């Protein structure tokens, strides 16, 4: 397997890439390049079209590099190029972390947790001992003196507003219900009529 250096200006990103590279991933790529330099080659075809390593290419360009280490795969059919792009992404994603080894590594690294791809705050939380965790948890739910004062002032204002409203409010008394009787309620009937426009006679309804 021969690795050659090719100017970035001669490389062509894939027109259709099965992997979407987020801004965060590119930033982490750059962190890795700063710390370790390029650790794997970009794979291109005979036309310098990138088959594997589009994210790495984007990071190298963003970092201001001028060339990249590459492997040139020649004589691949168009189908095989697509298969290689799919396989490169899928096979990598099939791996899983061995958490016990992961924890061992973090423990052995101690305070040196500047690891590209990982959030420093998360790693520090994972490696915190029980005393540190207890101290962090003890801070939850604690109200500062400033917050207590604001709560007290707000409560006092609500109480004053309530008292002032009570002093000016007018009491509305509900009307007493009608007295109950055994006699059925009388309904007054109204007789209505209309006048015929032709003869003037009343027509009762």
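The values are calculated or read from the model by the stated rules, or taken from the named source; none is laboratory data. Just so we're clear, the structure is a prediction, and the values are computed from it rather than from any experiment. In this analysis, Cβ positions are derived from the backbone assuming ideal geometry, glycine residues included, and neighbour counts consider all displayed protein chains.
A quick yes/no check of all residues on (1) within 27 Å of residue 15 (Cβ to Cβ); (2) within 32 Å of the chain's Cα centre (by Cα); (3) surrounded by 14 or more Cβ atoms within 10 Å (Cβ to Cβ):
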{"position": "68", "(1), (2), (3)": "yes, no, yes"}
{"position": "77", "(1), (2), (3)": "yes, no, no"}
{"position": "92", "(1), (2), (3)": "yes, yes, no"}
{"position": "97", "(1), (2), (3)": "no, yes, no"}
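To keep it simple, each residue is scored yes or no on (1) touching a strand residue (DSSP E or B) at 6+ places or on another chain (Cβ under 6 Å); (2) under 18 Å from residue 86 (Cα atoms); (3) outside any strand (DSSP E or B).
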{"residue": "5", "(1), (2), (3)": "yes, no, no"}
{"residue": "17", "(1), (2), (3)": "no, yes, yes"}
{"residue": "27", "(1), (2), (3)": "no, no, yes"}
{"residue": "31", "(1), (2), (3)": "no, no, yes"}
{"residue": "34", "(1), (2), (3)": "no, no, yes"}
{"residue": "39", "(1), (2), (3)": "no, no, yes"}
{"residue": "47", "(1), (2), (3)": "no, no, yes"}
{"residue": "50", "(1), (2), (3)": "yes, yes, no"}
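Taking helices (runs of 4 or more DSSP H) that fall entirely within the stretch 76-131, which contain at least 2 residues that are within 25 Å of residue 26 (Cα to Cα) and at pLDDT 90 or above? Break it down into steps so the answer makes sense when it comes.
Details: elements: 78-93, 99-109, 120-127.
Where helices (runs of 4 or more DSSP H) fall fully within the stretch 76-131 and carry at least 2 residues being within 25 Å of residue 26 (Cα to Cα) and at pLDDT 90 or above, they are 78-93, 99-109.
Would you confirm, using the coordinates I've provided, whether residue 46 is outside the structural domain of residue 119 (by TED's automatic domain parsing), modelled with pLDDT under 95 and surrounded by fewer than 16 Cβ atoms within 10 Å (Cβ to Cβ)? For residue 46, the condition - outside the structural domain of residue 119 (by TED's automatic domain parsing), modelled with pLDDT under 95 and surrounded by fewer than 16 Cβ atoms within 10 Å (Cβ to Cβ) - is not met. From the list 88, 10, the one residue that fits, being surrounded by 11 or more Cβ atoms within 10 Å (Cβ to Cβ) and farther than 25 Å from residue 116 by Cβ, is 10.
Could you grab me the full set of residues in the stretch 103-116 that are on the phi < 0 side of the Ramachandran plot, free of Cβ contacts under 8 Å to residues at least 60 places away in the same chain and in contact with a helix residue (DSSP H, G or I) (Cβ under 9 Å, 6 or more places away or on another chain)? Scanning the stretch 103-116 gives 103, 106, 107, 109, 111, 113, 115. Which residues, counting only those in the stretch 14-31, are in contact with a helix residue (DSSP H, G or I) (Cβ under 8 Å, 6 or more places away or on another chain) and surrounded by 14 or more Cβ atoms within 10 Å (Cβ to Cβ)? Of everything in the stretch 14-31, those that are in contact with a helix residue (DSSP H, G or I) (Cβ under 8 Å, 6 or more places away or on another chain) and surrounded by 14 or more Cβ atoms within 10 Å (Cβ to Cβ) turn out to be 14, 17, 19, 21, 25, 26, 29, 30.
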